[in-house]
């Protein structure tokens with residue numbers, strides 16, 4: 001399933017979309033969440049997914065919010081409601097975490113939050129390097145260079 005096939009204008013992945021129908025049609029019972037604005041979009045999608053009976057996994061290292069407090073509050077709400085076994089990130093999820101970090105760096109960079117963008121790029125680069133994902137490592141390193149402050153004359 002391609003995420004671009006799920007249409008909606010809500011801050012919740014299941015609201016006013018056919019995501020639930022698409023997942024059920026394919027027999028998918030597990031939903032993995034990563035992304036931006038953990039204390040609204042991610043939290044609402046997680047709660048809605050759990051209410052629909054999905055086994056929801058939040059990759060907390062690949063989520064962000066406009067404030068640390070908001071992010072941690074969302075993580076706690078989701079952790080309390082979810083099966084505790086889904087909270088830890090196992091090694092098979094590391095590529096997803098790395099891609100999530102790179103995506104968050106992109107979002108932060110586009111919104112002018114360059115300090116956060118650099119930190120997420122650093123994390124993505126470290127993960128790509130550890131997993132020897134050379135193609136993605138090169139892209140993350142290039143993005144890091146693009147984030148570097150420019151000198152003006």
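Listed values, structure above:
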{"item": "Residue in segment 96-110 that is within 24 Å of residue 49 (Cα to Cα), surrounded by fewer than 14 Cβ atoms within 10 Å (Cβ to Cβ) and modelled with pLDDT of 80 or more present", "result": "no"}
{"item": "Selection count, segment 24-55, where residues are assigned to a helix (DSSP H, G or I) and in contact with a strand residue (DSSP E or B) (Cβ under 7 Å, 6 or more places away or on another chain)", "result": "7"}
{"item": "So residue 44, is it in contact with a helix residue (DSSP H, G or I) (Cβ under 8 Å, 6 or more places away or on another chain) and either over 17 Å from residue 127 (Cβ atoms) or modelled with pLDDT of 75 or more (or both)", "result": "no"}
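The values are calculated or read from the model by the stated rules, or taken from the named source; none is laboratory data. This structure is a prediction, so every number in the text was calculated from the model and none was measured. Quick reminder, even Gly has a Cβ in these numbers, built from the backbone with ideal geometry, and neighbours come from all protein chains shown.
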